[in-house]
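Here the structure comes first, spelled out in structure tokens, and everything after it is commentary.
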Amino acid sequence: MQWQVNVFDELDSYTLYSLLQLRVDVFVVEQNCPYPELDDKDLHPQTRHVILKKGEKVIAYSRVLAPGVSFDGFPGVGRVCVSQTARRLGLGQVLVEKTLSVAAELWPDTDIHISAQCYLQQFYQDLGFKPASEPYLEDDIPHLKMIKPVQ
């Protein structure tokens with residue numbers, strides 16, 4: 001397995017296809033949530049795509065968003081996903097830790113925000129995030145704003 005961190009222009013076409021396929025599989029198909037998966041956030045010059053590949057296949061993915069792209073004045077993390085075939089291997093935790101490391105390198109001394117699905121609240125709390133809102137619906141799925149304070 002191999003990690004890579006890229007801005008959009010550095011992604012080769014196969015990797016881009018594979019990561020978009022994973023995101024659609026998880027967020028649109030598995031969660032039965034038909035919404036436009038492609039947004040301009042992927043193209044932002046400061047967005048970092050955090051990718052774990054096994055061979056040529058993307059098996060885990062997240063993106064780090066610059067301050068203000070999703071959260072006013074703060075960097076954010078989004079589209080955190082692991083392929084069905086790679087679940088239960090602890091990759092979710094490793095993926096988020098890697099993602100937080102990338103965010104901290106880019107924006108040190110800054111809290112990191114996430115819009116987490118409510119069922120994952122404890123997972124993110126175990127990684128240092130703190131709840132920062134009441135639950136709300138995003139694409140008809142209960143979410144919760146969470147913040148990882150600077151340490």
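Using the Karplus curve 6.51 cos²θ - 1.76 cosθ + 1.60 with θ = phi - 60°, work out ³J(HN,Hα) for each residue of the stretch 18-26 in order, rounded to whole Hz, and write x for Gly and Pro.
5, 6, 5, 4, 4, 4, 5, 4, 7
Can you match percent of Cα pairs over 24 Å apart to one of these, [x] 28; [y] 37; [z] 64, based on a calculation from the structure here?
Given [x] 28; [y] 37; [z] 64, the structure-derived one carries the label [x].
Pairs of Cα atoms under 8 Å, at least six residues apart: use those to get the relative contact order of the chain, whole percent.
Dividing the mean separation by the residue count of the chain yields 18 percent.
Using amide H atoms built in the peptide plane, which far-off residues or other-chain residues are under 5 Å from PHE74 H to H?
Amide H neighbours of PHE74: GLY68.
Looking at the stretch 1-71, which GluC sites (Glu not before Pro) are DSSP coil and have at most 16 other C-beta atoms within 10 Å of their C-beta?
When the GluC sites (Glu not before Pro) of the stretch 1-71 are filtered for loop state and at most 16 Cβ neighbours within 10 Å, GLU37, GLU56 remain.
Values quoted throughout were computed directly from the atomic coordinates according to the rules given, and no laboratory measurement underlies them. Bear in mind the structure is a predicted one, so any value in this text is a computation, not a measurement. So basically every Cβ, Gly included, is an ideal-geometry build from the backbone, and we count neighbours across all protein chains shown.
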